[in-house]
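**Q** One structure, pasted below without further comment.
The values are calculated or read from the model by the stated rules, or taken from the named source; none is laboratory data. Since we're looking at a predicted model, the values are computed, not measured. FYI the Cβ positions are ideal-geometry reconstructions off the backbone, even for glycines, and counts take in every protein chain you see. Please note that ligands, DNA and RNA were not included when accessible areas were found on the heavy atoms of the full protein model with its side chains. Shrake-Rupley method; radii C 1.70, N 1.55, O 1.52, S 1.80 Å.
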Amino acid sequence: MKHGLYLQDTVFGVTAVNLRTGKEYWRYERGVNRVLWELEVSDRTVVVGHGDGRLVGIDLRTGKLLWRVEMREDGYRSVGLAGGQVVTEAPGTVRAFDEREGRSLWTVKMPESCPDVLVFSVHALPEHLSAVHVICNVASRDRDEYELLLGVDNRTGKVLWRQPTVDPKLTAWGDGHTLVAPDPDRPQAIQLLDMDRQGISAHATLPQDEWDVVAAGSGTVLSGTDPEEGSEDHDTLLQAYDIREGRSSWQLRAPASQEYGFPKIADGRVYVVRQPFLTEADSGRRIRADLLILDADSGRLLHTLRLPAMTTPDDFDYFEKLDILHTADGAVSIGWRDGEGDLLIATD
(Lines give C-alpha, C1' and ligand atoms only; values in the text may rest on other atoms or scores of the structure.)
Protein backbone atom coordinates (compact mmCIF):
# COMPACT_ATOMS: atom_id res chain seq x y z
CA MET A 1 0.00 0.00 0.00
CA LYS A 2 1.54 3.29 -1.14
CA HIS A 3 0.10 6.76 -1.76
CA GLY A 4 -3.50 5.59 -1.66
CA LEU A 5 -2.90 2.62 -3.95
CA TYR A 6 -3.01 -1.09 -3.14
CA LEU A 7 -0.50 -2.99 -5.31
CA GLN A 8 -1.32 -6.63 -5.98
CA ASP A 9 0.42 -9.17 -8.15
CA THR A 10 -1.50 -10.98 -10.87
CA VAL A 11 -0.39 -14.18 -12.60
CA PHE A 12 1.51 -12.25 -15.27
CA GLY A 13 2.02 -8.78 -13.76
CA VAL A 14 0.68 -6.26 -11.28
CA THR A 15 -2.41 -4.14 -10.76
CA ALA A 16 -2.85 -0.91 -8.76
CA VAL A 17 -6.20 -0.44 -7.02
CA ASN A 18 -7.51 2.71 -5.36
CA LEU A 19 -7.40 1.93 -1.65
CA ARG A 20 -10.62 3.82 -0.86
CA THR A 21 -12.84 2.91 -3.81
CA GLY A 22 -11.54 -0.53 -4.80
CA LYS A 23 -11.39 0.54 -8.46
CA GLU A 24 -8.45 -0.47 -10.63
CA TYR A 25 -6.17 2.50 -11.33
CA TRP A 26 -3.68 0.84 -13.68
CA ARG A 27 -2.49 -2.61 -14.73
CA TYR A 28 0.74 -3.98 -16.18
CA GLU A 29 0.97 -7.49 -17.63
CA ARG A 30 3.37 -9.16 -20.06
CA GLY A 31 1.11 -11.91 -21.33
CA VAL A 32 0.83 -15.67 -21.19
CA ASN A 33 3.80 -17.68 -19.88
CA ARG A 34 5.57 -14.59 -18.48
CA VAL A 35 4.94 -15.46 -14.85
CA LEU A 36 5.69 -12.87 -12.19
CA TRP A 37 7.98 -14.07 -9.42
CA GLU A 38 8.64 -10.98 -7.33
CA LEU A 39 7.02 -7.59 -6.67
CA GLU A 40 8.55 -4.73 -4.67
CA VAL A 41 7.32 -1.17 -4.18
CA SER A 42 9.05 2.05 -3.10
CA ASP A 43 7.59 5.55 -2.76
CA ARG A 44 7.98 6.10 -6.51
CA THR A 45 8.58 2.83 -8.30
CA VAL A 46 7.14 -0.67 -8.69
CA VAL A 47 9.71 -3.31 -9.66
CA VAL A 48 8.59 -6.62 -11.11
CA GLY A 49 10.79 -9.71 -11.50
CA HIS A 50 9.66 -12.32 -14.03
CA GLY A 51 10.55 -15.99 -14.19
CA ASP A 52 12.49 -15.61 -17.45
CA GLY A 53 14.96 -13.16 -15.88
CA ARG A 54 13.38 -9.88 -16.94
CA LEU A 55 13.26 -7.00 -14.44
CA VAL A 56 10.80 -4.18 -15.06
CA GLY A 57 10.50 -0.74 -13.46
CA ILE A 58 7.06 0.94 -13.44
CA ASP A 59 6.08 4.44 -12.28
CA LEU A 60 3.91 3.99 -9.18
CA ARG A 61 1.56 6.90 -9.83
CA THR A 62 0.95 6.43 -13.56
CA GLY A 63 1.64 2.76 -14.34
CA LYS A 64 4.03 3.88 -17.10
CA LEU A 65 6.84 1.46 -17.99
CA LEU A 66 10.15 3.14 -17.07
CA TRP A 67 12.70 0.49 -18.03
CA ARG A 68 13.39 -3.20 -18.41
CA VAL A 69 16.52 -5.28 -17.91
CA GLU A 70 17.08 -8.78 -19.31
CA MET A 71 19.02 -10.82 -16.72
CA ARG A 72 18.89 -13.92 -18.99
CA GLU A 73 18.63 -16.46 -16.21
CA ASP A 74 15.37 -18.35 -15.78
CA GLY A 75 13.87 -19.15 -12.39
CA TYR A 76 12.91 -17.38 -9.20
CA ARG A 77 14.41 -13.91 -8.79
CA SER A 78 14.27 -11.88 -5.59
CA VAL A 79 14.14 -8.09 -5.65
CA GLY A 80 15.08 -5.56 -2.97
CA LEU A 81 14.39 -1.81 -3.13
CA ALA A 82 16.35 0.58 -0.91
CA GLY A 83 17.98 3.98 -1.27
CA GLY A 84 16.89 4.41 -4.88
CA GLN A 85 18.46 1.12 -5.94
CA VAL A 86 17.06 -2.22 -7.13
CA VAL A 87 19.14 -5.09 -5.76
CA THR A 88 18.85 -8.63 -7.09
CA GLU A 89 20.98 -11.72 -7.68
CA ALA A 90 22.67 -13.37 -10.63
CA PRO A 91 24.80 -16.56 -10.54
CA GLY A 92 27.58 -15.94 -8.04
CA THR A 93 26.85 -12.21 -7.78
CA VAL A 94 24.61 -9.55 -6.31
CA ARG A 95 23.70 -6.72 -8.70
CA ALA A 96 22.21 -3.24 -8.30
CA PHE A 97 20.33 -1.05 -10.77
CA ASP A 98 19.03 2.50 -10.66
CA GLU A 99 15.42 2.50 -9.49
CA ARG A 100 14.18 5.08 -12.02
CA GLU A 101 16.44 4.42 -15.03
CA GLY A 102 17.34 0.73 -14.79
CA ARG A 103 21.03 1.36 -15.52
CA SER A 104 23.56 -0.96 -13.89
CA LEU A 105 25.19 0.57 -10.79
CA TRP A 106 27.39 -2.11 -9.24
CA THR A 107 28.08 -5.83 -9.01
CA VAL A 108 29.34 -7.76 -5.98
CA LYS A 109 31.06 -11.07 -6.62
CA MET A 110 30.18 -13.66 -4.00
CA PRO A 111 32.72 -16.05 -2.40
CA GLU A 112 33.41 -19.37 -4.11
CA SER A 113 31.48 -21.05 -1.30
CA CYS A 114 28.35 -19.15 -2.44
CA PRO A 115 27.80 -19.88 -6.15
CA ASP A 116 23.99 -19.76 -5.76
CA VAL A 117 22.73 -16.72 -3.90
CA LEU A 118 19.32 -15.27 -3.00
CA VAL A 119 18.89 -11.66 -1.89
CA PHE A 120 16.44 -11.75 1.02
CA SER A 121 16.38 -8.06 1.99
CA VAL A 122 18.22 -4.76 1.50
CA HIS A 123 18.39 -1.77 3.85
CA ALA A 124 19.83 1.65 3.05
CA LEU A 125 21.83 2.99 6.03
CA PRO A 126 23.63 6.31 6.58
CA GLU A 127 26.97 7.12 4.90
CA HIS A 128 26.13 5.39 1.59
CA LEU A 129 25.98 1.97 3.23
CA SER A 130 23.62 -0.78 2.10
CA ALA A 131 23.12 -3.84 4.31
CA VAL A 132 22.30 -6.80 2.05
CA HIS A 133 20.97 -9.97 3.70
CA VAL A 134 21.64 -12.96 1.43
CA ILE A 135 21.11 -16.72 1.60
CA CYS A 136 23.85 -18.83 0.00
CA ASN A 137 23.45 -22.14 -1.84
CA VAL A 138 19.66 -22.14 -1.92
CA ALA A 139 19.74 -24.02 -5.26
CA SER A 140 22.48 -26.51 -4.43
CA ARG A 141 21.70 -29.77 -2.67
CA ASP A 142 25.37 -30.67 -2.46
CA ARG A 143 26.29 -27.53 -0.49
CA ASP A 144 25.26 -26.41 2.98
CA GLU A 145 22.93 -23.41 3.02
CA TYR A 146 24.10 -20.44 5.07
CA GLU A 147 23.31 -16.76 5.56
CA LEU A 148 25.48 -13.65 5.20
CA LEU A 149 25.10 -9.95 5.90
CA LEU A 150 27.03 -7.79 3.45
CA GLY A 151 27.95 -4.18 4.09
CA VAL A 152 28.22 -2.61 0.62
CA ASP A 153 29.24 0.90 -0.41
CA ASN A 154 26.20 1.66 -2.56
CA ARG A 155 28.13 4.09 -4.77
CA THR A 156 30.89 1.71 -5.85
CA GLY A 157 29.73 -1.79 -4.90
CA LYS A 158 32.77 -2.30 -2.69
CA VAL A 159 32.13 -4.88 0.06
CA LEU A 160 33.13 -3.19 3.32
CA TRP A 161 32.43 -6.22 5.53
CA ARG A 162 30.85 -9.66 5.60
CA GLN A 163 29.16 -11.13 8.67
CA PRO A 164 27.75 -14.67 9.11
CA THR A 165 24.23 -14.45 10.45
CA VAL A 166 21.07 -16.50 11.01
CA ASP A 167 17.91 -17.25 9.06
CA PRO A 168 16.58 -13.79 8.08
CA LYS A 169 13.09 -14.83 9.16
CA LEU A 170 14.42 -14.80 12.75
CA THR A 171 15.59 -11.18 12.50
CA ALA A 172 13.85 -7.80 12.71
CA TRP A 173 15.05 -4.41 11.49
CA GLY A 174 14.60 -1.50 13.87
CA ASP A 175 15.10 2.20 13.35
CA GLY A 176 18.00 3.47 11.28
CA HIS A 177 20.92 1.07 11.48
CA THR A 178 19.74 -1.38 14.17
CA LEU A 179 19.19 -5.09 13.56
CA VAL A 180 17.68 -7.47 16.11
CA ALA A 181 18.98 -11.01 15.57
CA PRO A 182 19.93 -14.18 17.46
CA ASP A 183 23.63 -14.76 18.00
CA PRO A 184 24.67 -17.46 15.44
CA ASP A 185 26.77 -19.15 18.15
CA ARG A 186 24.10 -18.84 20.87
CA PRO A 187 20.70 -18.96 19.11
CA GLN A 188 18.69 -18.06 22.22
CA ALA A 189 20.75 -14.93 22.89
CA ILE A 190 19.08 -12.02 21.07
CA GLN A 191 21.48 -9.22 20.18
CA LEU A 192 20.75 -5.61 19.33
CA LEU A 193 23.27 -4.83 16.59
CA ASP A 194 24.52 -1.51 15.25
CA MET A 195 25.88 -1.24 11.72
CA ASP A 196 28.15 1.31 10.10
CA ARG A 197 30.85 1.34 7.43
CA GLN A 198 33.35 -0.21 9.84
CA GLY A 199 31.25 -3.25 10.68
CA ILE A 200 28.69 -4.67 13.11
CA SER A 201 28.76 -4.41 16.90
CA ALA A 202 26.32 -5.54 19.59
CA HIS A 203 25.22 -2.78 21.96
CA ALA A 204 22.77 -4.79 24.09
CA THR A 205 21.37 -8.28 24.61
CA LEU A 206 17.79 -9.29 25.41
CA PRO A 207 16.98 -11.90 28.06
CA GLN A 208 17.61 -15.40 26.73
CA ASP A 209 14.03 -16.54 27.38
CA GLU A 210 12.66 -13.81 25.08
CA TRP A 211 14.01 -15.25 21.82
CA ASP A 212 10.85 -15.05 19.72
CA VAL A 213 11.30 -11.48 18.43
CA VAL A 214 8.34 -10.53 16.24
CA ALA A 215 8.73 -6.81 15.42
CA ALA A 216 10.97 -3.78 15.86
CA GLY A 217 10.67 -0.06 15.20
CA SER A 218 9.90 3.32 16.79
CA GLY A 219 12.51 2.62 19.47
CA THR A 220 10.84 -0.66 20.54
CA VAL A 221 11.53 -4.39 20.17
CA LEU A 222 8.59 -6.78 20.59
CA SER A 223 8.81 -10.42 21.61
CA GLY A 224 5.85 -12.80 21.47
CA THR A 225 5.92 -15.53 24.10
CA ASP A 226 3.80 -18.17 25.79
CA PRO A 227 4.90 -18.07 29.44
CA GLU A 228 2.69 -20.96 30.56
CA GLU A 229 3.77 -23.50 27.93
CA GLY A 230 7.21 -22.08 27.12
CA SER A 231 6.58 -22.68 23.41
CA GLU A 232 5.74 -20.68 20.30
CA ASP A 233 2.42 -22.44 19.74
CA HIS A 234 0.48 -19.51 21.18
CA ASP A 235 1.80 -15.97 21.64
CA THR A 236 -0.15 -14.96 24.74
CA LEU A 237 2.23 -12.25 25.96
CA LEU A 238 3.70 -9.30 24.08
CA GLN A 239 6.88 -8.16 25.80
CA ALA A 240 8.40 -4.80 24.78
CA TYR A 241 12.02 -3.69 25.19
CA ASP A 242 13.87 -0.44 24.63
CA ILE A 243 15.86 -0.84 21.41
CA ARG A 244 18.91 1.04 22.72
CA GLU A 245 19.51 -0.63 26.08
CA GLY A 246 17.39 -3.79 25.86
CA ARG A 247 15.49 -2.99 29.04
CA SER A 248 11.89 -4.16 29.50
CA SER A 249 9.45 -1.29 28.96
CA TRP A 250 5.97 -2.86 29.01
CA GLN A 251 4.02 -6.07 28.47
CA LEU A 252 0.51 -6.99 27.38
CA ARG A 253 -1.11 -10.29 28.27
CA ALA A 254 -3.99 -11.72 26.20
CA PRO A 255 -7.25 -12.74 27.89
CA ALA A 256 -7.78 -16.43 28.62
CA SER A 257 -8.00 -18.62 25.49
CA GLN A 258 -6.82 -15.81 23.21
CA GLU A 259 -3.49 -15.05 21.53
CA TYR A 260 -1.71 -12.52 19.33
CA GLY A 261 -0.64 -12.72 15.70
CA PHE A 262 2.55 -11.09 14.40
CA PRO A 263 2.40 -7.31 14.91
CA LYS A 264 3.78 -4.37 12.96
CA ILE A 265 5.30 -1.20 14.40
CA ALA A 266 4.83 2.04 12.45
CA ASP A 267 4.66 5.74 13.30
CA GLY A 268 5.06 5.13 17.01
CA ARG A 269 2.21 2.62 17.14
CA VAL A 270 1.92 -1.15 17.45
CA TYR A 271 -0.72 -2.88 15.30
CA VAL A 272 -1.63 -6.42 16.33
CA VAL A 273 -4.57 -8.84 15.97
CA ARG A 274 -5.93 -10.62 19.04
CA GLN A 275 -7.84 -13.81 18.24
CA PRO A 276 -9.08 -17.03 19.87
CA PHE A 277 -6.79 -20.06 20.14
CA LEU A 278 -7.15 -22.18 17.02
CA THR A 279 -6.71 -25.93 16.75
CA GLU A 280 -7.21 -28.41 13.92
CA ALA A 281 -10.85 -28.80 14.95
CA ASP A 282 -11.46 -25.13 14.11
CA SER A 283 -10.87 -25.60 10.38
CA GLY A 284 -13.70 -23.88 8.49
CA ARG A 285 -15.14 -22.26 11.63
CA ARG A 286 -16.04 -18.58 11.68
CA ILE A 287 -14.24 -16.57 14.34
CA ARG A 288 -14.18 -12.97 15.54
CA ALA A 289 -10.95 -11.14 16.23
CA ASP A 290 -9.90 -7.64 17.26
CA LEU A 291 -7.37 -5.22 15.81
CA LEU A 292 -5.51 -3.50 18.64
CA ILE A 293 -3.55 -0.26 18.20
CA LEU A 294 -1.08 0.48 21.01
CA ASP A 295 1.35 3.25 21.86
CA ALA A 296 4.79 1.77 21.11
CA ASP A 297 6.53 3.54 24.01
CA SER A 298 4.08 2.68 26.79
CA GLY A 299 1.87 -0.13 25.48
CA ARG A 300 -1.21 2.00 26.22
CA LEU A 301 -4.26 0.90 24.23
CA LEU A 302 -5.22 3.65 21.78
CA HIS A 303 -7.94 1.98 19.69
CA THR A 304 -9.75 -1.35 19.36
CA LEU A 305 -11.49 -2.36 16.13
CA ARG A 306 -13.79 -5.39 16.10
CA LEU A 307 -13.10 -7.25 12.85
CA PRO A 308 -15.82 -8.89 10.75
CA ALA A 309 -16.29 -12.61 11.29
CA MET A 310 -13.83 -14.66 9.21
CA THR A 311 -13.71 -18.32 8.23
CA THR A 312 -10.48 -20.10 9.17
CA PRO A 313 -8.71 -21.76 6.21
CA ASP A 314 -9.72 -25.33 5.38
CA ASP A 315 -6.10 -26.31 4.73
CA PHE A 316 -5.35 -25.83 8.41
CA ASP A 317 -1.92 -25.20 9.85
CA TYR A 318 -1.64 -25.60 13.61
CA PHE A 319 0.13 -22.25 13.80
CA GLU A 320 -2.41 -20.39 11.62
CA LYS A 321 -2.88 -16.85 12.94
CA LEU A 322 -4.02 -13.47 11.69
CA ASP A 323 -0.95 -11.28 11.14
CA ILE A 324 -0.56 -7.63 10.25
CA LEU A 325 0.93 -7.50 6.75
CA HIS A 326 1.22 -3.77 6.13
CA THR A 327 0.11 -0.37 7.42
CA ALA A 328 -0.10 2.72 5.19
CA ASP A 329 -2.36 5.62 4.26
CA GLY A 330 -4.74 5.05 7.15
CA ALA A 331 -5.31 1.39 6.29
CA VAL A 332 -4.17 -1.93 7.70
CA SER A 333 -3.91 -5.16 5.68
CA ILE A 334 -4.38 -8.42 7.57
CA GLY A 335 -3.86 -11.98 6.36
CA TRP A 336 -3.68 -15.56 7.56
CA ARG A 337 -0.12 -16.59 8.32
CA ASP A 338 1.19 -18.89 5.57
CA GLY A 339 -2.28 -18.94 4.06
CA GLU A 340 -3.54 -18.30 0.54
CA GLY A 341 -6.80 -16.62 1.55
CA ASP A 342 -8.03 -13.12 0.83
CA LEU A 343 -6.81 -10.07 2.70
CA LEU A 344 -9.00 -8.01 4.94
CA ILE A 345 -8.48 -4.26 4.60
CA ALA A 346 -9.48 -2.43 7.77
CA THR A 347 -9.62 1.34 7.26
CA ASP A 348 -9.64 4.19 9.76
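To keep it simple, each residue is scored yes or no on (1) part of a loop (DSSP other than H, G, I, E, B); (2) surrounded by 15 or more Cβ atoms within 10 Å (Cβ to Cβ); (3) touching a His at 6+ places or on another chain (Cβ under 7 Å); (4) in contact (Cβ under 8 Å) with a residue 24 or more places away in the chain.
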{"position": "VAL221", "(1), (2), (3), (4)": "no, yes, no, yes"}
{"position": "GLU228", "(1), (2), (3), (4)": "yes, no, no, no"}
{"position": "ASP235", "(1), (2), (3), (4)": "yes, yes, no, yes"}
{"position": "LEU238", "(1), (2), (3), (4)": "no, yes, no, yes"}
{"position": "TYR241", "(1), (2), (3), (4)": "no, yes, no, yes"}
{"position": "GLY246", "(1), (2), (3), (4)": "yes, yes, no, yes"}
{"position": "SER249", "(1), (2), (3), (4)": "no, yes, no, yes"}
{"position": "LEU252", "(1), (2), (3), (4)": "no, yes, no, yes"}
{"position": "ALA256", "(1), (2), (3), (4)": "yes, no, no, no"}
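**Q** Give the range 1-30 a look and list any residue that's under 15 Å from ALA328 (Cα atoms), in contact (Cβ under 8 Å) with a residue 24 or more places away in the chain, of a type outside the set (Ser, Thr, Tyr) and not in a loop (DSSP other than H, G, I, E, B), or say none.
**A** Scanning the range 1-30 gives LYS2, LEU5, LEU7, ALA16.
**Q** Please determine whether any residue of the range 162-177 is of a type outside the set (A, V, I, L, M), in contact with a Ser or Thr (Cβ under 6 Å, 6 or more places away or on another chain) and within 19 Å of ARG247 (Cβ to Cβ).
**A** No, the range 162-177 contains no residue that is of a type outside the set (A, V, I, L, M), in contact with a Ser or Thr (Cβ under 6 Å, 6 or more places away or on another chain) and within 19 Å of ARG247 (Cβ to Cβ).
**Q** Ok, one more. Quick check on the range 57-68. Is at least one of its residues touching a residue at least 12 places away in the same chain (Cβ under 8 Å) and closer than 19 Å to VAL138 by Cα?
**A** no
**Q** Please work out which one of (1) open to solvent by less than 40 Å² (accessible area, probe 1.4 Å); (2) touching a Gly at 6+ places or on another chain (Cβ under 7 Å); (3) more than 30 Å from ALA240 (Cβ to Cβ) is the condition LEU118 fails and give its number.
**A** (2)
Conditions (1) surrounded by fewer than 17 Cβ atoms within 10 Å (Cβ to Cβ); (2) small (Gly, Ala, Ser); (3) more than 17 Å from the chain's Cα centre (by Cα), marked per residue:
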{"position": "LYS2", "(1), (2), (3)": "no, no, no"}
{"position": "GLN8", "(1), (2), (3)": "yes, no, no"}
{"position": "THR21", "(1), (2), (3)": "yes, no, yes"}
{"position": "ARG27", "(1), (2), (3)": "yes, no, yes"}
{"position": "GLU40", "(1), (2), (3)": "no, no, no"}
{"position": "VAL47", "(1), (2), (3)": "no, no, no"}
{"position": "HIS50", "(1), (2), (3)": "no, no, yes"}
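**Q** I would also like to ask the following. Looking at the range 65-84, is at least one residue under 22 Å from the mean Cα position of the chain (by Cα) and open to solvent by 40 Å² or more (accessible area, probe 1.4 Å)?
**A** yes
**Q** Assuming VAL214 fulfils every condition listed in (1) modelled with pLDDT under 85; (2) part of a loop (DSSP other than H, G, I, E, B) apart from one, which condition is it?
**A** Going through (1) modelled with pLDDT under 85; (2) part of a loop (DSSP other than H, G, I, E, B) one by one, VAL214 breaks only (2).
**Q** Report yes if some residue within the range 144-159 is more than 30 Å from TRP26 (Cβ to Cβ), among the small types (Gly, Ala, Ser), touching a Ser or Thr at 6+ places or on another chain (Cβ under 7 Å) and open to solvent by less than 50 Å² (accessible area, probe 1.4 Å); otherwise report no.
**A** Within the range 144-159, one or more residues are more than 30 Å from TRP26 (Cβ to Cβ), among the small types (Gly, Ala, Ser), touching a Ser or Thr at 6+ places or on another chain (Cβ under 7 Å) and open to solvent by less than 50 Å² (accessible area, probe 1.4 Å).
**Q** Return the total of residues in the range 258-274 being of a type in the set (Asp, Glu) and part of a strand (DSSP E or B).
**A** Number satisfying all stated conditions: 1.
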